[in-house]
Amino acid sequence: MKGQHLVRRVNRQGFVKVDLYPYYISSKLAGQRVTLSIQATEQNLQVVYPQEYRRSLPLKGLHQRALPYQEYVALMQREASTQQRLLALGRWKVRSD
């Protein structure tokens, strides 16, 4: 994921979502698109809005240790189940922006 770039639109409350996690950006940017750069090594999310706005946020959902295989599989199953449930409820949007 290092250096992966995403574009998200800031909602009315000033948040964007990456996977299942909300990140507060700024309510002043509501309705605007921001570029997010995932910096895995630094464990943060760089937020860039044309030139004047830069911010770094800690990545959410990280595990600070290596997981045993069975624990990893159980975690992936829970996350997939949550995403499937949200899709069924119409609350999860598969988007490229």
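The figures follow:
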item: Inter-residue pairs, beta-carbon under 8 Å, first closer than 19 Å to residue 17 by Cβ and β-branched (Val, Ile, Thr) and in the stretch 39-66, second at pLDDT 80 or above and assigned to a loop (DSSP other than H, G, I, E, B), 6+ apart; result: 47/25
item: Pair list, Cβ < 9 Å and 6+ apart or interchain, from the stretch 6-31 residues that are under 22 Å from residue 43 (Cα atoms) and outside any strand (DSSP E or B) to residues that are modelled with pLDDT of 90 or more and aromatic (Phe, Trp, Tyr); result: 14/24; 25/15
item: Any hit, the stretch 43-56, residues being at pLDDT 80 or above, on the phi > 0 side of the Ramachandran plot, loosely packed, with under 12 Cβ neighbours inside 10 Å and more than 16 Å from the chain's Cα centre (by Cα); result: no
item: Filtered residues of the stretch 57-97 (kept if modelled with pLDDT of 70 or more, over 30 Å from residue 28 (Cβ atoms) and outside any helix (DSSP H, G or I)); result: 65, 66, 67, 68
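The values are calculated or read from the model by the stated rules, or taken from the named source; none is laboratory data. Bear in mind that the values here come from a model prediction, so they are computed numbers and not experimental data. Note that we place each Cβ from the backbone using ideal geometry, even for glycine, and neighbour counts take in every protein chain shown.
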